[in-house]
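Undergrad: Mind having a look at this structure? Questions to follow.
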Amino acid sequence: MKINLKINGQSRQFLIEPNEYLLDVLRRNDYLSVRRGCDNTSCGVCTVLIDNKPVPSCSVLAARCENKEITTVEGIETEVEKLAKYFGELGADQCGYCNPSMALTVYSLKLENRNANIEEVKEYLVGNLCRCTGYVAQHEAIMKYLGDES
Amino acid sequence: MEVKELIRAKDALEAYTLLNEFKGSKVMAGGAWMKLSVKSVDKLILLDDLNLDYIKEENEFLEIGAMTSLRTIEMHPAIKSMNSGILAKAIKSIMGVQVRNIATIGGSVMGRFAFSDLLGALLVLDCRLYFHDLQEITVFDFLQMPKVPSDILLNIKIKKTAGKGYFHKVSKTHLDFSLLNIAITKNELFRIAIGSRPQTATLAINTANFLNSQSEINEETIKKAVEIACDEIKVSTNLRASKEYREVLLKTYLTRGLEEVIK
Amino acid sequence: MKVVNNLTHSIDGMGIMKGRKAFTDDFAEKDTLIVKVMRSPYAYARILKIDDSEARKLAGIEMVLTHKDFKRIPFTRAGQGYPEPSPHDKFVLDEYVRYIGDEVLAVVGRSDEICDKALSLIKVEYEVLEPVLDFETAKDNPIVIHPENEIHEMFDIGFKPKRNIAASYAMEIGDVKKTLSECDYVIKETFYTQAQAHVMLEPHTVNARMDYQNRLCIYSATQTPFHVRRIISQGLEIPLSKIRVIKPRVGGGFGGKQAIHGEMLVAYVTYKTNKPAKMIYSRKEVFESSYSRHPMRIEMTLGADKNGKLKAINCEGLSDTGAYGEHALTVFMVTGSKVLPLYNKVDSVRFAGDIVYTNHTPAGAFRGYGAIQGNFALESAVDILCEKMKMDPILFRQINMMKEKETSPIFAIMGEGTAGTAMIMETCKLEECIEKGMDLIGWKDKYPRIESKDKIKSVGMAIAMQGSGIPYIDMGSATIKLNDDGFYNLMVGATEIGQGSDTVLTQIAAEELMTTVDKVVIYSSDTDLTPFDVGAYASSTTYISGNAVWKAAKELKKQMIVEAARILKTEIENIDFDGKTFTNEISNEKITLVDLSNQITYSHEQKQLQVTSSYVGHKSPPPFMAGFIEIEIDKATYEIDILNYVSVVDCGTTINPMLAKGQVDGAIVQGLGMAHFEEVIYGANGKLISSDLLNYKIPTRLDIKKLTTVFVDSYEETGPFGAKSVGEIGIDTPPAALANAVANALGIRITSLPITSEKIFKEIRRINDEK
């Protein structure tokens, strides 16, 4: 079947199977920043934004996204540049496999609640697992990003 | 998950008819976990076009469309304030924001998941489910049905109450299923639900009746109530916790919960 | 130092967060064959018959591979120094399946769906055999897990497959029995550790194609690209020269990618069909069908005199390597060699045990690599002994632990799979680590516990050591090339897997060449393009590969000065170089690096300046640390809240202080996972039930309240700019520190991991029932 998706502001048509998940359709079409982690919504690595809300693309049927606005990390490049700078400063970078999904989730938090305190940041991001960093440096970086008015 | 055909139902009647006429057809609500339990579907029925994604606030009730995401519900101001925000608290403890953005209240109810944190909270609120065919049923009665009805859940109506509430979930990590969850409301009357026992949430009716018959709730009556609950509510062993440990959790958090709602 | 030990952002964090093509699957060919494996439903069975006729007829199915397609060449999947100290006990496919999840056969098709369909059409008849699931009964069990005759060891590791023994080890210094008999206090306790899962977020991923020179080109998410190339060559009899292994960015490893996983099948398919092929493990396969940490039973006996001097340690272990023996011996030896020297003043010390086969998911390399198991046992036992002696556990450690300029005879005796290397601890700041840690956690106020109505707060601690590479075995090398315009290429075999080695190695080169990190362009791990390196394991990259980089940078600097002296017409002693400009100190004539590099590239006496250096360690200077935990326990339910974890680390110079902190923070949380959160559950039939992230719970960001990680001043003379390793040391202390904190809070001792609330509840109930 054919679907129309608006990805990062660009409308595109894709030929998909009815049972295909958004993650697979995106990767198949070279949106390689969207990655597979756990297959069952537990890790957050496959996060994309649908209408600015973070969702696990491993469990969203692509067919249900007709005419929805999908954002991958390529769609928020200037925000990523800010966040990545703070990640660098605070030493929050490790393998980075989950960093695009982290950036998307943090960005949607910023849209929802720019004044989030650290507990709210943790609650909002709890679905984004990280096995490398121990989380602490990430939180410091995210707090700086949220406080950055530039 | 194999899907032969994907059908976006135009209205509840079409969804209901498809579901009941074709063996091997299923309704997908949020779809968060469907692929974990379903291998193959002939006709996958979607309710996306039924306009069931809404929260309507009326004088005495909140009406929540079945396709409303858990996240939308937990963020709603009326739900955040109702009975100490018990429903919002229960929902917030479920997985991460990403999952709650796709999981719907309808799917969570119809799944009747044993580990559900939501069902306990719904049980202790005064709330009713509205189906296409079955019409109106309480959550308690719905959970008592031997089988999930082949029906389309349209919405849930919750009576607005201003009493206190308590929700507590015990889990290994913040992303884990409950080892046990406890929901309590105190409006005119007490209502208590215990979930993830590991069986599906249920009301502690005798316990509530006892408390409701007391003129004063104090340390003694709470102790007695907890005894009744331990007798009334069956807990058992699964991979997450043993029966004995669940008994301790039940005792501890029921006591603390009751202490909190009578403050 | 301007670059080293200064704030340097990771060189690739920006691009990685932007989602640029970086990881293995990002490089898979568009039109690729998919390889999928049928996994055994039985813990132990012999394949009698495979009926794949229906599957083969399916349009889009290229091949079905069974054990009959492969020559019987046993190999080990472990990526280790060659010859490997792991038994060669694995075939690409075998007629026996030895655990639930083991490879039965593989289908190769044009899509995931077609492969799944094919798998559902294949009928396999098994002779179901009785499995060995309890590792304590594996040795000399009448059921033999590896009856085949072709399997072998590469050198003596005590391999006795007919007795289900993958390897054995024993050593004794002094006479433990005699010393113990003379001690005033003796304690003996048995500890158990679980099969922790790595849970790196990128699953095992590999893809291959034949390149235009008709060579097999493999992208692999591996920690050991050079070992992968060798193992594939040996296992499939493809000439080494025909194989290229490229390691792109790797999404976490933690030891889990220190072995081959799908590489063998994918390489075979591409080599055979000339078509691209790929394989990505599902999360379930990562759990069930790769490997875990070795579960162990460790019996620890300690003896001390009445003055609080530790006199003897007897450590007897039993390790469960599961169905195959990857890293079996070496992990076990580390349980002794990187743990027992902590208490180096004993009269006698003994370490011995077997590593046995069972019909469980295999065990293999995992950060900590035996040390975390041993540390849990030893550091718990020390507190048990102190409790018996009524002695302060910190004072006991201060009296008995390793100190600077001291040594342990264990170093000379125990290596990894072989004899070890004697060494003096030129840097060991344990005393300072303990003192600082006590301050940071508030030990004096909080030890042993503070009680309130519903809760008890308590503290616990443990000390640890690790190593820095394997002396005389691990080799790293680096090539540095000067380009026109005066910037450098740095090519290393060292394997960036997310730990930040590309950044750290770039910093080392930049510091020595007196330039900035943007002028050093690193490229890591490609068997065609970069020099050899054993890979990312054994805490070796900063120390071993870093030394290679340092050496290469020094040598290149010399060569540049030779050129400058020629151009400025003087002797090399008269040349001063500040990173940008060469000055003839006699004539004060100058030439910039940019001009020099342009001149030798384009105009005068043209040549390419390039240096390759390699480094083999002659010692393995251990990093040390003291770990302190503060917890709050619920008095009714024994739920544990981890309030703070203080790590005070001596890892020599931190080349990149922020990334070093990240290594410790991450390791602490992974160690806390092992200590408290991560339960491994097997069904009665041997099936791993905790085989996805819904059932295997790693710590989330809400479970970690506070980490306090600091480094003490330390300079290791043999390390690059004074550095030792930091990758593994962080993981060792959490289990014992938590066990000790629980004991300090409740007066009970949990001796098996993970230390869950329910386990505490049951132990307390057991004690109460006994009363």
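Where a number appears in this text, it was derived from the coordinates with a stated rule and is not lab data. No experiment lies behind these values; they were computed from the predicted model shown. Don't worry about glycine lacking a Cβ; one is built from the backbone with ideal geometry, like all the others, and counts go over all protein chains shown.
Undergrad: Give me the three principal axis extents of the range B:3-129 from the C-alpha atoms, as integers in angstrom, largest value leading.
TA: That gives 45, 30, 23 Å along the principal axes, largest extent first.
Undergrad: List, largest first, the extents of the alpha carbons of the range C:656-771 along their principal axes, each in whole Å.
TA: 57, 36, 28
Undergrad: As an exercise, take the mean of 1/r over every pair of distinct alpha carbons in the protein assembly as shown, invert it, and state the Kirkwood radius in angstroms.
TA: Values: mean 1/r = 0.0316 Å⁻¹.
It is 31.6 Å.
Undergrad: Under a no-solvent Debye model with one identical scatterer per Cα of the range C:545-681, what's log10 I(q)/I(0) at q = 0.09, 0.11, 0.18 Å⁻¹?
TA: -0.55, -0.66, -1.04
Undergrad: I would also like to ask the following. Using a simple charge model, +1 on the beta-carbon of Lys and Arg, -1 on the beta-carbon of Asp and Glu, nothing else, what dipole does the range C:575-652 show about its Cα centre, in debye to the nearest 20? All intermediate terms of the calculation are to be shown ahead of the outcome.
TA: Working: 5 positive and 12 negative charges, 94 e Å.
My answer is approximately 440 debye.
Undergrad: Now, a different point. Could you line up B:R246, C:R244 from fewest to most neighbouring Cβ atoms inside 10 Å?
TA: On the way: B:R246 25, C:R244 19.
In order of increasing Cβ crowding within 10 Å: C:R244, B:R246.
Undergrad: Using alpha carbons only, how many angstrom separate the centre of the range B:80-95 from the centre of the range C:165-233?
TA: One Cα centre to the other: 46 Å.
Undergrad: Normalise the Debye intensity by I(0) for the range C:1-125, one equal point scatterer per Cα, no solvent, then take log10 at q = 0.17 Å⁻¹ and round to two decimals.
TA: Ignoring solvent entirely, the Cα scatterers give -0.97.
Undergrad: Report the Cα centroid-to-centroid distance between the range B:21-68 and the range B:207-263 in angstrom, as an integer.
TA: Using only Cα atoms to place each centre, the spacing works out to 34 Å.
Undergrad: Ok, one more. Calculate the length of the line joining the C-alpha centroid of the range C:555-598 to that of the range A:115-138, in whole Å.
TA: Spelled out, the Cα-based centre of one part sits 51 Å from the other.
Undergrad: Find the lysine pairs in chain A meeting two conditions, Cα atoms under 12 Å apart and a separation of 8 or more places or different chains, and report how many there are. Show your work: numbers first, answer last.
TA: On the way: A:K6/A:K68; A:K53/A:K68; A:K53/A:K110; A:K82/A:K144; A:K85/A:K144; A:K110/A:K144.
Here the count comes out as 6.
Undergrad: Taking Cα pairs under 8 Å and at least six residues apart, what relative contact order does the range C:669-771 come out at, in percent? Spell out each step's value before the answer.
TA: Working: 85 pairs, mean separation 33.2, N = 103.
Across the range C:669-771, relative contact order equals 32 percent.
Undergrad: Here is a follow-up. So which of C:K519/C:K557; C:K68/C:K90; C:K569/C:K590; C:K49/C:K160 end up more than 21 Å apart by C-alpha?
TA: Values: C:K519/C:K557 14 Å; C:K68/C:K90 15 Å; C:K569/C:K590 11 Å; C:K49/C:K160 30 Å.
Pairs exceeding 21 Å: C:K49/C:K160.
Undergrad: Mind checking which aspartates and glutamates have their Cα closer than 13 Å to the Cα of B:K172? Skip sequence neighbours fewer than 8 apart in that chain.
TA: Partners found: C:E639, C:D641, C:E678, C:E679, C:D703, C:E758.
Undergrad: The range B:1-78: percent of C-alpha pairs farther apart than 14 Å? Intermediate values should be presented prior to the final figure.
TA: Working: 1960 of 3003 pairs.
Value for the range B:1-78 (Cα pairs over 14 Å): 65 percent.
Undergrad: Please report the orientation-averaged projected area of chain B, defined via the convex hull of its C-alpha atoms, in nm². Kindly include the intermediate steps, with their values, before the conclusion.
TA: Working: hull surface 55.3 nm².
Result: 13.8 nm².
Undergrad: Over the range B:76-134, what is the relative contact order in percent, taking alpha-carbon pairs closer than 8 angstrom and at least six residues apart?
TA: Working: 23 pairs, mean separation 18.0, N = 59.
Relative contact order for the range B:76-134 comes out at 31 percent.
Undergrad: Could you work out the percent of alpha carbon pairs in the range C:440-531 separated by over 24 Å, rounded to a whole number? Provide the component values of the computation, followed by the final result.
TA: Working: 2031 of 4186 pairs.
The share of Cα pairs beyond 24 Å in the range C:440-531 comes to 49 percent.
Undergrad: To check my understanding: the extent here is largest minus smallest coordinate of the Cα atoms along each principal axis. What are those three numbers for the range A:95-140, in Å, largest first?
TA: Taking max minus min along each principal axis of the Cα atoms, the range A:95-140 gives 28, 18, 16 Å.
Undergrad: Still on this structure, please answer the following. Report the trypsin sites (Lys or Arg not before Pro) located in the range C:1-74 that are in a DSSP loop and have at most 10 other Cβ atoms inside 10 Å of their Cβ, or state none.
TA: Numbers: sites: C:K2, C:K18, C:R20, C:K21, C:K30, C:K36, C:R39, C:R46, C:K49, C:R56, C:K57, C:K68, C:K71, C:R72; in loops: C:K2, C:K18, C:R20, C:K21, C:K30, C:K71, C:R72.
Hits after loop and neighbour filter: C:K30, C:K71.
Undergrad: When a/c is below 1.5 the answer is rounded, else prolate if a/b is larger than b/c, else oblate, so apply that to the range B:120-263 with a ≥ b ≥ c taken from the square roots of the Cα gyration tensor eigenvalues. Provide the component values of the computation, followed by the final result.
TA: Working: a/c = 1.90, a/b = 1.23, b/c = 1.54.
Oblate is the answer for the range B:120-263, as a/c is 1.5 or above yet b/c matches or exceeds a/b.
Undergrad: From the Cα trace of the range C:400-449, what convex hull volume per residue do you get, rounded to a whole Å³? Before the final figure, lay out the partial values.
TA: On the way: hull volume 5.7 nm³, N = 50.
Taking only Cα atoms, the range C:400-449 has a hull volume of 114 Å³ per residue.
Undergrad: When the distances between all Cα atoms of chain C are binned every 20 Å from zero, what whole-number percent does each bin get?
TA: Final binned percentages: 17, 48, 30, 6, 0.
Undergrad: Could I ask something else about it? Averaging over all projection directions, find the projected area of the Cα convex hull of the range C:113-251 and quote it in nm² with one decimal place.
TA: Details: hull surface 63.9 nm².
So the mean shadow area of the Cα hull is 16.0 nm².
Undergrad: Only loop residues by DSSP count here, and only those with at most 13 other Cβ atoms within 10 Å; note down the trypsin sites (Lys or Arg not before Pro) in the range C:587-690 that meet that.
TA: Taking the range C:587-690 and a limit of 13 other Cβ atoms within 10 Å, the loop trypsin sites (Lys or Arg not before Pro) found are C:K607.
Undergrad: Now for a different question. As a test of the formula, what do you get for the protein assembly as shown when each DSSP H run with n ≥ 4 contributes -39,500 (n - 2.57) and the sum is divided by the residue count, at 222 nm and rounded to the nearest 500 deg cm²/dmol?
TA: Working: 36 runs with 351 residues, N = 1184.
Rounded to the nearest 500, it is -8500 deg cm²/dmol.
Undergrad: Given +1 on the Cβ of Lys and Arg, -1 on the Cβ of Asp and Glu, and no further charges, what dipole in debye does chain B carry about its Cα centre, rounded to the nearest 20?
TA: Working: 35 positive and 32 negative charges, 165 e Å.
Dipole magnitude for chain B comes out near 800 debye.
Undergrad: Using 7 Å Cα-to-Cβ label points, what is the A:R114/C:K272 separation (nm, one decimal)?
TA: Calculated label separation equals 6.0 nm.
Undergrad: How high is the relative contact order of chain A? Use alpha-carbon pairs under 8 Å, at least six apart in sequence, and give a whole percent. Mind showing how you got there, number by number?
TA: On the way: 246 pairs, mean separation 35.8, N = 150.
Relative contact order comes out at 24 percent.
Undergrad: Give the residue from C:T418, C:A312, C:N359 lying farthest towards the positive end of the charge dipole for the range C:287-439; charges sit on Cβ (+1 for Lys and Arg, -1 for Asp and Glu) and the dipole is referred to the Cα centre.
TA: C:A312
Undergrad: On to the next question. Compute log10 of I(q)/I(0) for the range C:668-723 with the Debye formula, placing one identical point scatterer on every Cα and leaving out solvent, at q = 0.26, 0.31 Å⁻¹, to two decimals.
TA: -1.03, -1.19
Undergrad: Counting other C-beta atoms within 10 Å, and keeping those with at most 14, which DSSP coil trypsin sites (Lys or Arg not before Pro) do you find in the range C:253-333? List each step's numbers first, then the result.
TA: Numbers: sites: C:K257, C:K272, C:K278, C:R283, C:K284, C:R293, C:R297, C:K306, C:K309, C:K311; in loops: C:K257, C:R293, C:K306, C:K309.
Taking the range C:253-333 and a limit of 14 other Cβ atoms within 10 Å, the loop trypsin sites (Lys or Arg not before Pro) found are C:K306.
Undergrad: Set the bar at 22 Å for Cα to Cα. Now go through C:K388/C:K436; C:K436/C:K705; B:K89/C:K762; C:K405/C:K724; B:K169/B:K263; B:K251/C:K455 and name every pair that lies beyond it. Intermediate values should be presented prior to the final figure.
TA: Working: C:K388/C:K436 27 Å; C:K436/C:K705 20 Å; B:K89/C:K762 30 Å; C:K405/C:K724 16 Å; B:K169/B:K263 20 Å; B:K251/C:K455 16 Å.
With Cα atoms farther than 22 Å apart: C:K388/C:K436; B:K89/C:K762.
Undergrad: Going toward the positive end of the dipole of the range C:481-627, with +1 on Lys and Arg Cβ and -1 on Asp and Glu Cβ, which of C:S545, C:L529, C:F577 do you reach last?
TA: C:S545
Undergrad: Next question, about the same structure. Report the per residue volume, in Å³, of the convex hull enclosing the C-alpha atoms of the range C:48-96.
TA: Values: hull volume 4.7 nm³, N = 49.
Here the figure is 97 Å³ per residue.
Undergrad: Looking at the P(r) of the range C:317-472, how many percent of alpha-carbon pairs lie beyond 26 Å? Numbers along the way, then the final one.
TA: On the way: 4379 of 12090 pairs.
Roughly 36 percent, once rounded to a whole number.
Undergrad: Of A:S101, B:L180, C:Q610, which is farthest towards the positive pole of the protein assembly as shown's charge dipole, taken about the Cα centre with +1 and -1 on the beta-carbons of Lys, Arg and Asp, Glu respectively?
TA: Of A:S101, B:L180, C:Q610, it is B:L180.
Undergrad: Among DSSP beta bridges whose residues both lie in chain B, state the antiparallel percentage, nearest 5.
TA: Around 75 percent of the beta bridges assigned by DSSP in chain B are antiparallel ones.
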